[in-house]
1. Where the accessible area of the stretch 610-707 is counted over protein heavy atoms with a 1.4 Å probe, how much of it, in %, is carbon and sulfur?
2. Given contacts defined as C-alpha pairs under 8 Å and at least six residues apart, what's the relative contact order of the chain, whole-number percent?
3. What is the Cα centroid distance between the stretch 36-57 and the stretch 710-780, reported in whole angstrom?
4. Enter the accessible area per residue of the stretch 231-334 (Å², integer; probe 1.4 Å; all protein chains in place).
5. Does the stretch 725-806 classify as rounded, prolate or oblate by the C-alpha gyration tensor (a ≥ b ≥ c root eigenvalues; a/c under 1.5 gives rounded; else a/b over b/c gives prolate, otherwise oblate)?
6. For a test of the definition: using alpha carbon positions, the gyration tensor, and the 1.5 limit on a/c, classify the stretch 460-602 as rounded, prolate or oblate.
7. Report the accessible area of His52, computed with a 1.4 Å probe over the heavy atoms of all protein chains in place, in Å² rounded to the nearest 10.
8. Quick check: from the Cα gyration tensor, does the stretch 1-79 come out rounded (a/c under 1.5), prolate or oblate?
Amino acid sequence: MSGAHGGNVRALADQLGCQAEAILDFSANINPLGPPEQLWHILSARMPEIVHYPDPEATELVKAICAQYQLKPEHIVVGNGTSELLYAAVRVLAPQRVVIPVPAYIDYRQACERSNIEVLSVPLAVEQDFQPDLDQLSALLRTGDLLILGQPNNPTGRLNDRTALLALADQHPDVLFLIDEAFASFVADYESLSCCRANIITLCSLTKIFAIPGLRLGFLAASVSVCQKVRKEIAPWSVNTLAQAAGGSVLDNAAYLQQSQEIVRANRERLLRDLAELPMLRVVESAANFLLIHLARLLTASELAERLLQEFKIAIRVCDNYEGLDSQYFRIAVRLEDENRQLIYALHKILAPEQTVSQKRHKKTPALMLLGTGSDVGKSVLAAGLCRVLLQDGLRVAPFKAQNMSLNSFVTKDGGEMGRAQVVQAQACRLDPDVRMNPILLKPCSDVGSQVIVLGKPIGNMRVAEYVRAKEQLWQTVCQTYDELAAEHDCMILEGAGSPGEVNLKSHDIVNMRMAQQAQAPVLLIGDIDRGGVYASFVGHVEVMAPWERKLLAGFIVNRFRGDASLLADAHRFLEQRTGKTVFGVIPWLADLGLPQEDSVSFKAGIYSRPKPAGEHVEIVLIDLPHISNFTDLEPLLAEADVWLRTVRNPDELGQPDCIILPGSKNVINDLAWLQQSGLAAAISKAAGQGRELVGICGGFQMLGKSVTDPHGLEGELGSTLPGLGLLDFHTELAADKTLTRRTGRHLPSGTPVLGYEIHHGRTASADQAEPLLAFTDSATCGRASSCGRIWGSYLHGIFDSDPFRRWFINHLRTAKGLPAFVGQGVKYDLEPALERLAKVIRQEMDMNAIYYLLGI
């Protein structure tokens, strides 16, 4: 590392036999935030222009520089990095002598030596922390000199007083001053010296502050005559098309610049405090994004650098090739807090091994996150399958989804409400459902608002804008909850929501890439090939990802493929060439898997895909309410061979079914109004009058009564009352408090056992003393039935999960239809076989060794 510039991570990676990304590079002073996110989109959009020569005048870039620095175009020369401009300026200025306070950037001297120009090195005093003495410099300057100063200086980070520098330039009008402001943008409130005096030339690098060293970009600002000379010295088309586009697009990003300055300042101060704990190190005070450090003679800086690289894969800049510094000096960049902590830990281990020191880095539980190219691509199911595989391999694994938008919820043993998908995933892990697995549940109650449930309890209804404002506070809850849950397990499987490519949501994301970053979880992106366009979707998602998001993305999973997976090889090669990411597996289409669907679209698609049974059967119609919730109440019926279940949204589709089911609803008021307006209310009442079985579950149960009143405006206007279907003699009022409870009991007419849970605001009261339908073990009762028993309902979700009750219900319908009751062993509704089948497929079709590598297990 001695005798070279910093930042050559490829050479270091070759030396270690690892990927360049594995090295934590403190040797190059680049903005730790990485490039502004907008830059990637600009470069992608401008790629087609590379078939043409670049604009030789760099018009757009020059215009942007002029606007940012209040300069005129004739005072600017852009270049392929400031190094090109430095060498050109020294050549064309041809000073009699160049004065360089040292230590300084090594290319200052090299540029002079290549042009055979005399150099006067002025040693800076160690006891003054290498702060230039401007009075001393003034005494040394003579007509025809060129003074080169870093502002702030590299490698010391020292900054000169602006007023004093201008005064020095005024005192020596026959001396040229080349002020290198390569790192000035990291200094808050810094005011450039560009064109402040006729004898001042400034160099400004855009490479460091915008983290684009691979593009090479900078500019020189000077008098018109100097600029004309420098331009003639630089080759045509020096700045390529993409570099011009990059500079023109990011220069005015004030928010990015401010954030960079604040983060660098805070992390530099924290680094200084941590380094002070190692007395063998003396740190030079710095205004820049790097620190110069002197090491006591325990070992040399080169020896320290070699140990850091070999033992910790950390690179530092050895400074023994800087004039004025010896073999004990090294420089480190200021990086992000967690990275800086890794360096501090490594320094302690090498320099003070006898000390007990914490790594100061919270070791996160191994985790993997599954994201999707959209909703209903199979994230929930594959997460459950991976949970079961890891459980089979002896790991204590738990699922987690920070925010779930679903009307399909479940009540835990302690009365908390959470998304049904995480309940299935918990079962895959053989864990009791825990609201910490889904800390935020959103239950849409209109097109623009949802009920917000935090850690199992509703905190109110919020419109979208209100919820966005609340997200940052909720984020703290999410992080704390995740850490608590993860600490209790060996590994975590996280699920995202929707798509991480939804650019309109990324700024306030708490469930996708931001959660992966928080959990330090690599990401696999799932796409549904059955929909078509999966590879374009993969590429598109990568294109809109920020650099830190791309770093988290490990690869892809192709889901729901029908056919020979080897036919996809060419597509996978293209995908890897285009994105640098691989496909971890191709999951085949799994027909009739038997796991509950979280998304109502999938659920209804599953119903439509089932043909009418050929043999004797009963026909059950599910009313497809606009705000349908807990639709998985009907899932067990899909497993029965003598049941044909279909959905209906208008009266013409109703037909002559044996049973009509009104499901749960997140907005009973609006759905009841929709029933009446659509004509379905009249059609349902007519069918009930003809002796058809009519069943209501939760919200559907409320609709069967005389009226529904909303005194608190939970679902409709404040105090509104809507007439129900009037088929059962009771009234319902929506209370402010929500009932959340698990239930076990009996269905009184049949005597069969039932179990499930209640989730509702409704309080239902009957004027008569009608017998309840269900009796629970805690002496509570629920539900009502008509005198004939063919119109009935209850608040109990999951009532059809009970195998004895479900078979009794179906046989009841068969008998009413004139069919014999089914006798014998009925279908057992059990998710375990489905989970085991899914785990087997995942083992066969996914690279589990690669999965374990990602988990670090």
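The values are calculated or read from the model by the stated rules, or taken from the named source; none is laboratory data. Keep in mind it's a predicted model, so treat the numbers as computed, not measured. Virtual Cβ from ideal backbone geometry, glycine too; neighbours counted across all protein chains shown. Side chains included, ligands, DNA and RNA excluded: accessible areas come from the protein's heavy atoms. Shrake-Rupley method; radii C 1.70, N 1.55, O 1.52, S 1.80 Å.
1. Values: 1430 of 2960 Å².
Of all accessible area on the stretch 610-707, carbon and sulfur atoms account for 48 percent.
2. Details: 1738 pairs, mean separation 81.8, N = 857.
That works out to 10 percent.
3. 63 Å
4. 41 Å²
5. Working: a/c = 1.82, a/b = 1.13, b/c = 1.61.
Oblate.
6. On the way: a/c = 1.74, a/b = 1.56, b/c = 1.12.
Since a/c reaches 1.5 and a/b is larger than b/c, the shape of the stretch 460-602 is classed as prolate.
7. Here the accessible area works out near 120 Å².
8. Details: a/c = 2.39, a/b = 1.85, b/c = 1.29.
Prolate, because a/c is 1.5 or more and a/b exceeds b/c.
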